[in-house]
Structures are given as structure tokens and as C-alpha cells.
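*Asks:* The structure that follows is given in the form of C-alpha cells.
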Amino acid sequence: MNLKCGAASLVIGMQYGDEGKGKLVDVLAEEADLVCRVQGGNNAGHTIWVDGKKIITQLMPSGILQKNCRVAIGAGVVIDPFVLLAEIKKIQALGYEVSPERLHIDCRASVILPYHKLLDQKRELERSKNSEKIGTTGKGVGPAYASRAYREAPRMAEISNPTQFKNWLDAQPHLKEGLDAQVLNEFFEVAAELLPYIKDVAVIANNCLSQGGKLLLEGAQGAMLDVSFGTYPFVTSSNLISGSCAGGLGIPPWKVTKIIGVIKAYSTRVGNGPYPAELSDPLASELRTRGNEFGSVTGRPRSVGWLDLVALRYLSIINGMTGLAIMKADVLAGFDRVGMITAYKDKRTNKNREDYPMTIQDWENVEPIVEFVEGWSYVMKENKVHKNYVQFLKKIENFIGVPSIYISAGAERSAGLWL
Ligand code: GDP
Ligand code: IMO
Ligand code: MG
């Protein structure tokens, strides 16, 4: 694909996360000048395979593995400084340049403190007593966003100066939980190491655009986990949809001219919450094993299901995708038939519906109506796409009104085709 000069392109997940955003961003980053994370935190796990080696990025933008581009973490991200520093070191140890010239961290990004992680775990324990556990990643992401909304969370700017940070904590002593003298000292050491990377990323991104550079925004999670438009309350704590991504970086929204929605050819969900598409065993186990559907961050087995076209149609209206990247169709190769959800049946009324459920009760009361297409024995050979897979793509395009622009048929960089 050609990224546009002086404009931004956005890669966002259209399901419940783990669609393969990391792979796509890595592929696109070859021609990008600056790749930026704009929301989320280290609840994200983006897997990239380079020369047979698997690398998982959490806070680091996935462009870091393409040597010609710079990367940045925008103001909309919540950062656990310990995790970020460890990730910098891990990637440096693999032989990639991670320097203050190449990685920029926004001074306005909020910080995840030990307090936020403890609170995340405590809230989950409380919720589990009423079977309302969200199944968070336990990284403190939700409490850190809540703390930001309360205007109490320190930002990268505030932790860069030990006196300032101590004063900040003294003014809000509850934030000191889990920060004993030793951990606080370690915190200062980590902050000092990160200091050279801390900048005004909004200025860097806008300069890149005004100089004709190619900007790539890397979304985390997926639209069905969006705090406003997902299966609330079983969602993450940030807005993920396209309209919010420019705000997580600080660029004008009209500079985002390409919006690539990433979907798996089937669906997965990790954590709790309604999932009408979910399949049961033995098909579910087979799909999970074939697709290696275990969480990149927590290792939890992902629930699996057919592709939900009803949800995708709604999300395409909200997100305005200009193209679809469809991943992992190779996992379905060999299945006699492949399902797609084209309507729901409301168990309360026994009637079919094609709208996107509004409340958790609605979600819990719909069951999928599945249409099947003929399966494919391979996705593509010598750049020729299997005819049954073409039919599958056409069905998606017609249903949701967005063209597919990229198909991926393997985790490696080379296993994909721009259409
Ligand atoms: P992300 O969070 O959206 O970046 O996705 P994850 O990295 O959490 O999960 C996607 C998984 O699918 C990773 O293990 C990828 O290596 C893998 N993957 C990506 N694209 C493909 C593909 O087309 N085929 C196969 N078989 N695996 C893929
Ligand atoms: P990537 O970027 C899949 C899910 C968690 C849980 C819910 C809330 O790799 O696609 P949180 O820790 O955010 O408060 O958890 O959101 N979740 C993800 N699921 N992929 C992710 O990121 C996720 N990030 C959060 O499992 O259900
Ligand atoms: Mg992931």
C-alpha cells in the first residue's frame, strides 16, 4: 500500500482485539516515517514474526522493527514505566536501535503506578464475588485512566523530576500504595532512564506531517472493547474507534486519510463478557489450536467463534474504514465450510434482528444466525487467491460496504497480499 505523504493512516482492530494489528503495522511501517501508539497501555500485546523469531510489543509501537522509521507513544496512552523500560532493553538486546532519536514518549501520557495495578486486582476480586469479573489483564490500565479523569494520576512530565513527583504523591497520599521507599527509589531510577525520551509528541507528529512525512497510527484492542461502543461494561477503559485516535496523539482528525480496519477471518475474545459468536467444542478447540489462540499478554485461552458481520456493519459506520485487512484465513484452510453471522435471533421475542445490541441484557439475549460458505484448501498460491476465499471476501464486502485491501495468510511479514 502507498501511505500518503503529509497524512496519517490508522490501523485499528474491529473485533475484540488480537486481530493481527501488530503484523499489519510492522508490514506498513516499512514505508512509514513515524509510527505512533495512541491509546491503551501494556494490556496490548502485538505479535510480530521476523526471520522466524517471535517478538511481542506491548507499549512499544510495532514499527520499531523496521529500521527506517521513528516511533512515538502519544498522550492518550497510559504507561507503566517499569514495563516500558524493560521493553526498550528487550528490543535493544535483539539488535534494534531504540534511542531518544528514534523513540519519543509524550510528556502528557499518564503513568500507571503500583496503586493502579493493586486497585485493578482488588476490583476484579470484588467483582468475581458477584460473577461480574471483567477479566482484565490486571495491568492497572482501567484504574490509571480513571485516575486521569479524576486529575490525580501523574504524567510522564511529573515523574521526570523526583521532587515534583514526591510533592505530587504527598498531595495525594493514597497513590503511594505499593510504593515503599525501595520501590520509590527504583521508580526514580526508571524515570531517570526514560527522561531523554520524553518530549512533546504532538509537536513531533505535526512536524512530521507538515514536512510531508508518512504517519502511521497503531490502534490497540478492538472496537468491540471500546469503552463507549463496546459490550460495556465488559470493555477496556479507553476509546478505540477511529474518531478518538487522532486525539490520542494530538493531530487534527482530518489528517487521518486512511483507516484500515483489521479483522480475523473468524473471531476471538479473551476475558469475560457477552460473545454471541462463540463456538463450542470440538470445533472451538480445533480452531483455537490451529490459530494458536492464546493471549499474547496473559497466555489465557481465547474463546473463538465465527465472523460477526452484524457487528462489523455497525462498526464500519462508526469507524468509517477506508479498507479492510483480513487476517488468519490460513487457519480456516481445510474446513469444509466457514460460517458468518448475518443476523441475530432475540431469544426474548423469537424474532430476528440485524441491529447492534445496545445493552448488556440485549447482548446476552441474542443468538447468532449463521450462513455458511464453501471452505478453501489454501488461501493463495503464487498470488492467486482461492476462489472460495474470494467468495468469502465478497460476502464481507457486500455486507458491510468496505473493500478488502490486504489479506494475510501467515504470521510472517511475507505472508500477505495487497489487493
Ligand atoms: P494484535 O494484538 O492485533 O497485534 O494481535 P496478536 O499479536 O495479539 O494476535 C494475533 C496472532 O495471530 C499473533 O500470534 C500473530 O503472529 C498471528 N497472525 C497474524 N496474522 C496472521 C495470519 O495471517 N495467519 C496466522 N496463522 N497467524 C497470524
Ligand atoms: P490488543 O492490543 C484482547 C481485554 C481484556 C478484558 C478487557 C479489559 O493486543 O488487541 P483491561 O486490562 O484493558 O482493563 O481489560 O479488555 N483486552 C484485550 N483483549 N487484546 C487486547 O489488546 C486487549 N486489551 C484488553 O482481556 O476483557
Ligand atoms: Mg494482542
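*Asks:* Determine, yes or no, whether Gly299 is within 16 Å of ligand 3 (Cβ to nearest atom) and at pLDDT below 95. Outline the logic, then answer.
*Replies:* Values: within 16 Å of ligand 3 (Cβ to nearest atom): yes; at pLDDT below 95: yes.
Yes, satisfied.
*Asks:* Taking region 242-258 as the search range and keeping residues that are surrounded by fewer than 22 Cβ atoms within 10 Å (Cβ to Cβ) and within 21 Å of Val402 (Cα to Cα), which one is nearest to ligand 2 (Cβ to nearest atom)?
*Replies:* By that ranking, first place goes to Ser244.
*Asks:* Which number in (1) surrounded by fewer than 21 Cβ atoms within 10 Å (Cβ to Cβ); (2) closer than 29 Å to Val183 by Cβ marks the one condition that Val50 misses?
*Replies:* Only one criterion in (1) surrounded by fewer than 21 Cβ atoms within 10 Å (Cβ to Cβ); (2) closer than 29 Å to Val183 by Cβ is unmet by Val50, namely (2).
*Asks:* Let me ask something else. Taking Ala343 and the conditions (1) among the hydrophobic types (A, V, I, L, M, F, W, C); (2) part of a loop (DSSP other than H, G, I, E, B); (3) out of contact with any helix residue (DSSP H, G or I) (no Cβ under 6 Å at 6 or more places or on another chain), which numbered condition does it fall short on, given that it satisfies the others?
*Replies:* Failing condition for Ala343: (2).
*Asks:* Looking only at region 242-287, count how many residues are without any contact (Cβ under 8 Å) to a residue 40 or more places away in the chain, assigned to a helix (DSSP H, G or I) and under 23 Å from Leu307 (Cα atoms).
*Replies:* Of the residues in that region, 4 qualify.
*Asks:* Continuing with this model, one more query. Report, by residue number, each residue of region 143-179 that is open to solvent by less than 60 Å² (accessible area, probe 1.4 Å) and charged (D, E, K, R).
*Replies:* Glu152, Glu158 - these are the residues of region 143-179 that are open to solvent by less than 60 Å² (accessible area, probe 1.4 Å) and charged (D, E, K, R).
*Asks:* Name the residue that is farthest from the chain's Cα centre (by Cα), counting only residues in region 49-61 that are more than 19 Å from Val270 (Cβ to Cβ) and within 14 Å of ligand 2 (Cβ to nearest atom).
*Replies:* Ile55
*Asks:* I need every pair where a residue in region 40-58 that is assigned by TED's automatic domain parsing to the domain that holds Asp120 has its Cβ under 7 Å from the Cβ of a residue that is of a type outside the set (Ser, Thr, Tyr) and within 13 Å of ligand 3 (Cβ to nearest atom), sequence separation at least 6 or different chains.
*Replies:* Pairs found: none.
*Asks:* Further question on the same structure: Between a first residue in region 135-154 that is in a loop (DSSP other than H, G, I, E, B) and a second residue that is within 16 Å of ligand 3 (Cβ to nearest atom) and β-branched (Val, Ile, Thr), which pairs have beta carbons less than 6 Å apart while being 6 or more apart in sequence or on different chains?
*Replies:* Thr137/Val297; Thr137/Thr298
*Asks:* While we're here: Could you identify the single residue in Leu10, Leu24, Leu65 that is among the aliphatic types (A, V, I, L, M), free of Cβ contacts under 8 Å to residues at least 40 places away in the same chain and within 16 Å of ligand 1 (Cβ to nearest atom)?
*Replies:* The conditions single out Leu65.
*Asks:* Could you run through region 294-322 and say how many residues are in contact (Cβ under 8 Å) with a residue 12 or more places away in the chain and within 16 Å of ligand 1 (Cβ to nearest atom)?
*Replies:* Residues meeting the conditions: 15.
*Asks:* Go through region 28-47 and report how many residues are more than 9 Å from the chain's Cα centre (by Cα), surrounded by 24 or more Cβ atoms within 10 Å (Cβ to Cβ) and closer than 17 Å to Arg413 by Cβ.
*Replies:* Residues of region 28-47 more than 9 Å from the chain's Cα centre (by Cα): 28-38, 41-42, 47.
Now restrict to residues that are surrounded by 24 or more Cβ atoms within 10 Å (Cβ to Cβ): 28-29, 32, 34-38, 41-42.
Then drop every residue that is not closer than 17 Å to Arg413 by Cβ, which leaves 28-29, 32, 35.
Here the count works out to 4.
*Asks:* Of the residues Asn319, Asn388, Asn398, Asn383, which single one is open to solvent by 60 Å² or more (accessible area, probe 1.4 Å) and modelled with pLDDT of 95 or more?
*Replies:* Of the residues listed, the single one that is open to solvent by 60 Å² or more (accessible area, probe 1.4 Å) and modelled with pLDDT of 95 or more is Asn398.
The values are calculated or read from the model by the stated rules, or taken from the named source; none is laboratory data. The model shown is predicted, which means the values in this text are computed figures rather than measured ones. We place every Cβ from the backbone using ideal geometry, glycine too, and count neighbours over all the protein chains shown. Side chains are part of the model used for accessible areas, which takes the heavy atoms of the whole protein and leaves out ligands, DNA and RNA. Shrake-Rupley method; radii C 1.70, N 1.55, O 1.52, S 1.80 Å.
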